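First up is the structure itself, then whatever we jot down about it.
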């Protein structure tokens, strides 16, 4: 009886007990303060497009690849979704965007978070976004496999399937599978020239794919 009770208790606690910890969002405090300073100097118009997420967003040259979008780049460092959530008011919600482009989750998995744990953080992200801005559209870019993280490609595929299902259940969300599929060759391996030397971040050729798949989606509804 005791062993059975112990087993039941361990199963009940297995989620929170063994969940990987969230990193401290304070590590990005200076980057967020830089956003605040930029907004003070030149307040962005509301109702536009905001890109948010981790380093693939931060390194994106929006004027180069999306010159007609007038979008804000609010990606920062190697962030987790939990950190995007922590700064959601300052990096997304205060701009009252009509369209949000989201890329995040890969760092979470690499740091040993489970797809279930990352999905919970994504659920918080989209729930808070739509509670504040119910008419906003959300574009979710699939987590991109990469040479340096090929060992977790199946875990990334699991998370991408969760993103896809979330989009299927909510017409405000568009899931972009090409952010994963277009980076793989016929054998299912990452295409090396789409990445820079570190085997993780995208090269110009990699960003050209984002340009191709996102440009048709970056349409902001006309003001009423």
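Every number here is computed from the coordinates shown, using simple stated rules; none is lab data. Just so it is clear, the model here is predicted, and its values are computed rather than measured.
So in region 27-217, what percent of DSSP beta bridges are antiparallel if you round to the nearest 5? Don't skip to the end; give the middle numbers.
Details: 2 of 19 bridges.
Around 10 percent of the beta bridges assigned by DSSP in region 27-217 are antiparallel ones.
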Two-decimal ratio, region 27-217, of alpha-carbon radius of gyration to 2.2 N^0.38 Å | 0.97
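Taking only the Cα atoms of region 138-224, how large is their convex hull per residue, in Å³? Please report the intermediate quantities before stating the final value.
Numbers: hull volume 8.6 nm³, N = 87.
Dividing the Cα hull volume of region 138-224 by its residue count gives 99 Å³.
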Report the residue, chosen from 24, 56, 179, that carries the largest GNM mean-square fluctuation when the chain is represented by alpha-carbon nodes joined by springs under 10 Å.
-> 24
For the chain, longest principal axis from Cα atoms; helix 115-132 axis from its Cα atoms; angle between them, nearest 10 degrees, is 40
Taking the Cα centre of each part, how many Å lie between region 82-136 and region 177-214?
-> 23
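With the alpha-carbon atoms as the only input, what is the per residue convex hull volume for region 45-115 in Å³?
Working: hull volume 5.8 nm³, N = 71.
Residue-normalised Cα hull volume stands at 81 Å³.
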For the chain, built as a Gaussian network whose Cα springs stay under 10 Å, the top-fluctuating residue of 174, 40, 155 | 40
Quick one, can you get me the convex hull of the C-alpha atoms of region 88-174 expressed as volume per residue in Å³?
-> 91
Could you work out how far helix 204-214 tilts from the main Cα principal axis of the chain, as a 0 to 90 degree angle to the nearest 10?
-> 90
Tilt relative to the chain, helix 29-41 - C-alpha long axis, 0 to 90 degrees, to 10 = 20
